[in-house]
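Colleague: Below is a structure I'd like to ask you about.
No lab work stands behind these numbers, since they all come straight from the coordinates. Worth saying up front: this structure is predicted, and the values here are computed from it rather than measured. Glycine gets a Cβ as well: all are built from the backbone with ideal geometry, and neighbour counts include every protein chain shown.
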Protein chains: 2
Amino acid sequence: MRETADPPRDPYLLGSLRKGLEVIDCFTRQKTWSLGELAAALGQSKPTVFRILHTIEAFGYLQRDPETGRYALAMRFHTLGSAAIHHEQLRWQALPPLQDLARETGETVHVGILYDGEAICVQAVEGTRLVRMHAYVGKRTPAHASALGKVLLAHLPHAEVDALAERGLTRFTSRTITSAAALREALHQVRAQGYAMDDEEMELGLRCLGAPITDHTGRPCAAVAVSAPAMRMDPARIAELIPQVSSTAQRISRMLGSPSMQSPGSGRGANAA
Amino acid sequence: MRETADPPRDPYLLGSLRKGLEVIDCFTRQKTWSLGELAAALGQSKPTVFRILHTIEAFGYLQRDPETGRYALAMRFHTLGSAAIHHEQLRWQALPPLQDLARETGETVHVGILYDGEAICVQAVEGTRLVRMHAYVGKRTPAHASALGKVLLAHLPHAEVDALAERGLTRFTSRTITSAAALREALHQVRAQGYAMDDEEMELGLRCLGAPITDHTGRPCAAVAVSAPAMRMDPARIAELIPQVSSTAQRISRMLGSPSMQSPGSGRGANAA
DNA sequence: GGCATCGATTCCGCAATACGAAATGGCGTT
DNA sequence: AACGCCATTTCGTATTGCGGAATCGATGCC
């Protein structure tokens with residue numbers, strides 16, 4: 001029989017490299033694989049998969065359990081992962097404004113991006129208070145349960161948000177948003193307000209406020225957040241922090257070449273435009 | 001002219017996958033590349049490199065700067081990197097003993113492995129004191145300036161330690177070991193003592209004690225460390241902590257199937273054997 | 001505005017490469 | 001001791017990937 005029609009074949013896709021990457025992908029789903037399992041999962045012959053594994057292993061990206069001979073991701077991927085984060089140019093641009101915000105508020109502040117349903121911290125500055133949230137570059141938080149994440153989800157196509165909710169919204173506290181309907185409602189509010197709040201949804205006693213950073217096309221590409229113990233985040237303090245976080249976000253956006261929300265000197269613009 | 005003799009050609013090395021991995025490797029040295037730069041650096045033709053980049057990009061492992069068209073590592077690598085750490089089986093085995101040690105001492109404790117000149121934390125339990133070291137999975141520390149790192153370096157072939165020193169030993173405090181000779185001497189002492197100490201070598205005011213974990217072959221494969229502010233790490237406290245850290249390390253080693261240093265019931269063995 | 005330049009992308013024919021069926025080897029099980 | 005499962009190796013063939021050269025597109029210079 002002839003090929004079952006894959007009409008739009010990409011002539012620049014290298015087959016053996018493609019299969020290699022498919023193999024690597026498998027390891028995000030299951031931590032160890034035997035040759036036979038992988039061959040079956042990918043629908044490839046064992047010699048083919050053997051050569052692929054052999055090549056990747058030769059580069060130190062995979063390692064085998066000396067006992068069982070099963071393959072697993074090696075630490076070399078962790079090196080690449082760190083490099084990926086440190087390469088974000090955003091990281092360096094955002095640092096001075098973040099430091100200012102941390103100094104003004106005394107609280108931990110951070111900048112993150114959305115990736116695959118998680119908010120990933122790419123830069124953080126800790127607050128000066130003894131009891132404070134800890135943040136570090138590379139920290140990941142489920143998007144539905146963080147201020148950073150909700151700000152970024154709010155500007156995503158509805159279909160993607162639904163797909164995320166479909167995968168299940170893990171509960172962390174009694175306040176975590178766990179239904180698709182509640183998430184949609186919360187994101188609607190975020191869009192209306194221009195900022196997001198995590199009200200002890202990830203951890204009891206921790207509140208965060210987040211605001212969007214827009215890139216040169218005006219699209220939200222990242223977010224800033226300030227995090228503090230709930231005891232220091234009463235309504236009065238929140239009202240005070242919101243403009244501080246928002247203006248930090250706008251400052252970073254401007255550095256990225258974002259078209260300002262309101263032309264400078266045009267007075268107070270309608271913020272519902 | 002004929003090929004310049006690469007005698008031990010590996011028949012199971014897939015050429016195009018190999019080149020793809022070489023391309024990925026390039027991004028650990030320089031954060032962004034243009035097609036032409038990569039082609040020149042690898043000694044490959046531009047169409048070849050183009051196909052490779054195209055394939056990797058199609059998988060979301062590379063992304064292009066929309067402005068300049070330059071390639072950079074994408075966040076997807078960070079996902080793989082996290083997965084690599086979380087797949088360490090050591091991580092789960094070590095947790096209960098670590099929790100016990102953290103409870104007994106009240107200080108932050110962690111387990112790490114050596115990779116490419118850095119100690120990488122694969123499991124951590126924070127202490128209970130208000131002022132304490134913060135540790136998290138994935139944290140990396142230069143090996144020459146940490147207790148974890150020095151324990152693991154001590155059991156490496158001398159050539160590898162020298163190679164590391166060759167690359168330069170960054171100074172963090174006035175106490176950081178920065179010469180190859182001093183490092184060799186320090187590692188010699190670690191081997192003799194059976195534990196390592198970081199005496200404010202990474203950060204002033206922070207002391208750590210580390211002890212080796214051995215795998216089923218008896219080879220040191222990881223290490224445990226306890227970290228505390230120097231004010232809580234005076235000589236008396238250190239003398240108290242050393243056996244606690246060591247016995248935690250031995251407990252974990254035994255779980256990994258390590259042959260005990262001294263057969264159970266054989267009384268106090270000579271620890272210099 | 002037109003032309004030169006430089007980098008990225010596409011074309012195309014040739015040859016090397018990667019493919020998989022089947023054979024082999026190693027090891028734990030019955 | 002023979003079986004059966006899984007990883008590894010062999011080998012002939014067809015496909016895939018290769019690179020020189022042409023094309024396209026943007027940028028800068030006259």
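Colleague: Once both axes come from the Cα atoms, what is the angle between helix A:15-29 and the longest principal axis of chain A, in degrees from 0 to 90, rounded to 10?
Modeller: 60 degrees
Colleague: Continuing with this model, one more query. Would you be so kind as to identify which of B:A41, A:G106, B:L153 lies farthest towards the positive end of the dipole of the protein assembly as shown, taking Lys and Arg as +1 and Asp and Glu as -1 on Cβ and the Cα centre as origin?
Modeller: Working it through, the farthest residue towards the positive pole turns out to be B:A41.
Colleague: Further, regarding this structure: When Lys and Arg each count +1 and Asp and Glu each count -1, what net charge do the other residues less than 14 Å away from A:L73, Cβ to Cβ, add up to?
Modeller: Counting the neighbours of A:L73, the net charge comes to +3.
Colleague: Can you tell me which of B:G15, B:G168, B:G112 moves the most in a GNM of chain B? Springs connect C-alpha atoms under 10 Å apart.
Modeller: Looking only at B:G15, B:G168, B:G112, the biggest GNM fluctuation is shown by B:G15.
Colleague: Answer rounded, prolate or oblate for the protein assembly as shown, using the Cα gyration tensor with square roots of eigenvalues a ≥ b ≥ c: rounded when a/c is under 1.5, else prolate when a/b is larger than b/c, else oblate.
Modeller: Working: a/c = 1.75, a/b = 1.12, b/c = 1.56.
The shape class here is oblate.
Colleague: Continuing with this model, one more query. Determine the shielding of peptide B:156-162 by partner chains: average, over its residues, the number of Cβ atoms on other chains within 10 angstrom of each Cβ.
Modeller: Numbers: counts 0, 0, 0, 0, 0, 0, 0.
Per residue, the number of nearby Cβ atoms from other chains is 0 on average.
Colleague: Oh, and also: Once amide H atoms are built 1.01 Å from N in the peptide plane, which residues 5 or more positions from A:W33, or in another chain, come under 5 Å H to H?
Modeller: It is A:Y71, by chain and number.
Colleague: Taking the Cβ of B:D25 as the center, what net charge do the other residues with Cβ under 12 Å away carry, scoring Lys and Arg +1 and Asp and Glu -1?
Modeller: Details: positive: A:R76, B:R18, B:K19, B:R29; negative: B:E22.
Once positives and negatives cancel, what remains is +3.
Colleague: Sticking with this structure for a sec: May I ask you to evaluate 6.51 cos²θ - 1.76 cosθ + 1.60, the Karplus curve with θ = phi - 60°, for each residue of region B:91-97 and list the ³J(HN,Hα) values in order in whole Hz, giving x for glycine and proline?
Modeller: Each residue of region B:91-97 in turn: 3, 7, 4, 7, 4, x, x Hz.
Colleague: Right, next: How far is B:G60 from the same spot in each other copy, in nm, shortest first, if each label point sits 7 Å from Cα toward Cβ?
Modeller: Listed shortest first, these distances are 2.8 nm.
Colleague: Taking amide H positions as placed in the peptide plane 1.01 Å from N, state which residues far from B:G117 in sequence (5 or more) or on other chains have amide H under 5 Å from it.
Modeller: Under 5 Å from the amide H of B:G117: no residue qualifies.
Colleague: Further question on the same structure: What residue in chain A has the Cβ closest to the axis turning A into B, and how close is it in whole Å?
Modeller: Whole-Å result, nearest residue of chain A to the axis: A:G81, 1.
Colleague: Using amide H atoms built 1.01 Å from N in the peptide plane, name the residues 5+ places from A:T108, or on other chains, whose amide H lies under 5 Å from its own.
Modeller: Long-range HN contacts for A:T108: A:G127, A:M133, A:S227.
Colleague: If you place +1 on the Cβ of every Lys and Arg and -1 on the Cβ of every Asp and Glu, how big does the dipole about the Cα centre of the protein assembly as shown come out, in debye to the nearest 20? Let's see the in-between values first.
Modeller: Numbers: 60 positive and 56 negative charges, 45 e Å.
For this selection, approximately 220 debye.
Colleague: Also, quick follow-up: So, counting K/R as plus one and D/E as minus one, what does the shell of residues with Cβ under 13 Å around B:T48 add up to?
Modeller: On the way: positive: B:R18, B:K19, B:K46, B:R51; negative: B:E22.
Result for the local shell: +3.
Colleague: I've got another one for you. For A:E22, place a label point 7 Å out from Cα along the Cα→Cβ vector, do the same in each other copy, and report the separations in nm, one decimal, smallest first.
Modeller: 2.5
Colleague: Which one, B:L13, B:L98, B:L73, has the greatest fluctuation when you compute a Gaussian network model over chain B with C-alpha springs under 10 angstrom?
Modeller: The residue with the greatest mean-square fluctuation here is B:L13.
Colleague: From the residues A:T128, A:I177, A:H87, which one has its Cα farthest along the dipole of region A:86-255 in the positive direction, the dipole being from +1 and -1 charges on Cβ of Lys/Arg and Asp/Glu about the Cα centre?
Modeller: Value computed over the given set: A:T128.
Colleague: What dipole magnitude, in Debye to the nearest 20, does region B:86-255 give about its Cα centre under +1 on Lys/Arg Cβ and -1 on Asp/Glu Cβ? Write out the running numbers ahead of the final one.
Modeller: Values: 18 positive and 19 negative charges, 46 e Å.
Using Cβ point charges on Lys, Arg, Asp and Glu, region B:86-255 gives about 220 debye.
Colleague: In nm, what does the list of distances from A:S174 to its counterparts in the other copies look like, shortest first, when each label sits 7 Å along Cα to Cβ?
Modeller: 5.4
Colleague: Okay, next question. Taking only the Cα atoms of region A:86-255, how large is their convex hull per residue, in Å³? Walk me through the numbers on the way to the answer.
Modeller: Working: hull volume 17.8 nm³, N = 170.
It is 105 Å³ per residue.
Colleague: Work from the charge dipole of chain B (Cβ charges, +1 for Lys and Arg, -1 for Asp and Glu, about the Cα centre) and give the residue of B:V226, B:C26, B:P243 farthest towards its positive end.
Modeller: B:C26
Colleague: Using unit Cβ charges (K, R positive; D, E negative) and no other charged atoms, how large, in debye to the nearest 20, is the dipole of region A:124-197 about its Cα centre? Numbers along the way, then the final one.
Modeller: Numbers: 10 positive and 5 negative charges, 62 e Å.
For region A:124-197, the charge dipole is close to 300 debye.
Colleague: 222 nm [θ] for chain B, helices only, -39500 (n - 2.57) per DSSP H run of 4+, per residue, to 500?
Modeller: Working: 9 runs with 115 residues, N = 273.
Taking each H run of at least 4 residues, the total per residue is -13500 deg cm²/dmol.
Colleague: Work out from phi, with θ = phi - 60° and the Karplus expression 6.51 cos²θ - 1.76 cosθ + 1.60, the ³J(HN,Hα) of each residue of region B:231-245, listed in order in whole Hz, and give x for Gly and Pro.
Modeller: For region B:231-245, the Karplus-derived couplings read 4, 9, 10, 7, x, 5, 5, 4, 4, 7, 6, 3, x, 5, 5 Hz, x marking Gly and Pro.
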